[in-house]
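The values are calculated or read from the model by the stated rules, or taken from the named source; none is laboratory data. Since the model is a prediction, treat every value here as computed from it, not as a measurement. Don't worry about glycine lacking a Cβ; one is built from the backbone with ideal geometry, like all the others, and counts go over all protein chains shown. For accessibility, only protein heavy atoms count, side chains too; no ligands or nucleic acids. Shrake-Rupley method; radii C 1.70, N 1.55, O 1.52, S 1.80 Å.
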Amino acid sequence: MSMETRDAEAYDVAVVGGGAAGVAAAIGAARLGARTLLLEHMGFLGGAATARNVLTYCGLFTLGETTKQAVRGVAGNVLDGLRRLNAVTGPVRHRGVFVVFDPEAVKLTLDRLCTAAGVDVFLHSFVSEAEREGDAITSINFDDHGGRHGIRAKAWVDASGDCDLATFAGASVRYGNHGHVNLGTLGTRYGGIPASVEIDAERFKQAVDQARAAGRPLTKDVSLFARLPISGDVCCYLVSVDYDPRDVRSLSKAEAEGRVQAYEYLDILRTMPGCERAYLVSTGPEFGTRESRHINAVEQLKWQDVRAGRERSDTVALGAWGVEWHDRTTFESTFEAPPGGAAYSIPLDCLRSRDTANLFAAGRTADGDQQAGASLRVMGTSFATGQAAGVAAALFANDGTVDVRKVQSALRNQDAVLDPRDMLEVRRATTLFRA
Ligand SMILES: Cc1cc2nc3c(=O)[nH]c(=O)nc-3n(C[C@H](O)[C@H](O)[C@H](O)COP(=O)(O)OP(=O)(O)OC[C@H]3O[C@@H](n4cnc5c(N)ncnc54)[C@H](O)[C@@H]3O)c2cc1C
């Protein structure tokens, strides 16, 4: 045991990463009475929603003709908090069904929910080491401006997106799926576009293609242009680079190249009618990694089972988004909705490490094959897998076992949706944006 961990503070549950998955995990665990710590290396919670300009929550609603809410629980509390701040629009329909939000309101709302649940939140804390004894993680070290500190816990949730905790603890992980890894994109936010202006996606695509033919460094030519509540700014997901998030040289190069592209896209945007005075409000601030490592879990969710509509008795979360794949070579994207636009089951075993008994996966780290992973990774579903992982971790911390019936019962008490028949219909989603 290292110097830092010998006298380390002890928790029941420690969650690494404060994105949608980590926040839901920490709140889910704390609401069961577990002494819970949430560690996040940024200065705010939210993950991609606040650190990557990903300003559209997908996966909360089914994609069929009738829009139903597939994720409640902590996600429902977040939506309520955003509505109170007039900081969310939707649900709206574009390739899928989603809500658009203001990221500053997300930061405040998540702070409030964690405080109310009694979660200890350590911001500016980067988890950099983990120790294990046998098949269990015993402690981690994190770094801040005070140096290195240790934490002990009985159960752990890796919601880091990159499986940092699992990797440092020597748990079984893999990068992508069989050599396939979803492309990364730097979310950008543009201002100065009057509310009355709708960006013509076809015209934008033509302008990008022409500029590319002229040798300008542009990658994607199609994106959602989502109009944000409060500011009226427009966010889009165009700037893309093929990089490896585990390699600081590769990632640093991507960040620099991404900023060049963000200004190139601004030039294109300014050629669109009504957008002449557009300006760049922000990039990221971090590059958006869609896929990195996954925990090798007791079971891997297979998209062929989703396609077959396989029913499960061990469901702990519902997925509702489609297989959204962004190709690293062509920069093109494809989308396959779940059959009938219905919700599908995510079993508990996809969140349980196969070789580390007290480690649970949540959000991007959860185990799905190439297609299933490209669906369950979205933030709406990450809230659901996060809450399930947090509840499972709290129960494990209590008695050292994982009983799916107990996990399901605790989740239902926290208003999580585990059965599609319990989904509530929402008012018809309106089409607000063109592709
Ligand atoms: C360009 C782009 C567009 C997308 N579009 C959408 C969309 O429209 N809608 C949607 O719902 N999803 C979208 N996604 C997917 C979605 O953003 C992610 O899959 C989702 O954020 C996953 O949630 P998470 O909580 O697992 O991870 P993240 O949101 O990535 O959060 C992980 C957190 O862990 C922290 N962390 C990482 N390592 C450490 C460490 N060692 N110590 C401490 N903290 C650490 C990070 O700082 C981060 O806050 C998009 C993704 C990208 C990149």
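Some points to look at:
- Tally, over region 176-200, of residues that are more than 22 Å from VAL260 (Cα to Cα) and either more than 16 Å from the ligand (Cβ to nearest atom) or not polar (S, T, N, Q) (or both): 11
- Exactly one residue out of VAL100, VAL92, VAL121, VAL157 is within 19 Å of ARG377 (Cα to Cα), assigned by TED's automatic domain parsing to the domain that holds ILE27, more than 10 Å from the ligand (Cβ to nearest atom) and in a strand (DSSP E or B), and it is VAL157.
- Matching entry among VAL127, VAL197, VAL157, VAL121 (being among the β-branched types (Val, Ile, Thr) and out of contact with any strand residue (DSSP E or B) (no Cβ under 6 Å at 6 or more places or on another chain)): VAL197
Listed here are the residues, each with its yes/no results for (1) buried (at least 24 other Cβ atoms within 10 Å of the Cβ); (2) at pLDDT below 95.
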| position | (1), (2) |
| --- | --- |
| THR66 | no, yes |
| GLN69 | no, no |
| ARG72 | no, no |
| GLY76 | no, no |
| LEU79 | no, no |
| LEU82 | no, no |
| GLY96 | yes, yes |
| PHE101 | yes, no |
| ALA105 | no, no |
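- Condition met for GLY390 (closer than 23 Å to VAL181 by Cβ, assigned to a helix (DSSP H, G or I) and in contact (Cβ under 8 Å) with a residue 24 or more places away in the chain): no
- Taken together, the residues in region 28-60 that are touching a Ser or Thr at 6+ places or on another chain (Cβ under 8 Å) and either more than 11 Å from the ligand (Cβ to nearest atom) or within 12 Å of VAL121 (Cα to Cα) (or both) amount to 7.
- VAL239 vs. criteria closer than 26 Å to PRO194 by Cβ, open to solvent by less than 40 Å² (accessible area, probe 1.4 Å) and in a strand (DSSP E or B): yes
- Residues that are at positive phi and touching a strand residue (DSSP E or B) at 6+ places or on another chain (Cβ under 9 Å), drawn from region 290-340: GLY309, PHE331
- Filter result for ASN86 (within 9 Å of the ligand (Cβ to nearest atom) and among the polar types (S, T, N, Q)): no
- Assessment of region 179-192 against the conditions (open to solvent by less than 30 Å² (accessible area, probe 1.4 Å), over 19 Å from the mean Cα position of the chain (by Cα), within 26 Å of LEU395 (Cα to Cα) and touching a residue at least 24 places away in the same chain (Cβ under 8 Å)) yields no matching residue.
- Conditions (1) more than 16 Å from the ligand (Cβ to nearest atom); (2) aromatic (Phe, Trp, Tyr); (3) within 24 Å of GLY288 (Cα to Cα); number of the one not met by PHE396: (3)
- For region 311-355, residues that are assigned to a loop (DSSP other than H, G, I, E, B), within 16 Å of the ligand (Cβ to nearest atom) and closer than 23 Å to VAL181 by Cβ total 8.
- Within region 242-266, considering residues that are over 22 Å from ARG293 (Cα atoms) and free of Cβ contacts under 8 Å to residues at least 24 places away in the same chain, the one most open to solvent (accessible area, probe 1.4 Å): TYR263
- The conditions of being open to solvent by less than 10 Å² (accessible area, probe 1.4 Å) and free of Cβ contacts under 8 Å to residues at least 40 places away in the same chain are not met by LEU110.
- One residue from GLY59, GLY17 being under 25 Å from PHE225 (Cβ atoms) and crowded, with 22+ Cβ neighbours inside 10 Å: GLY59
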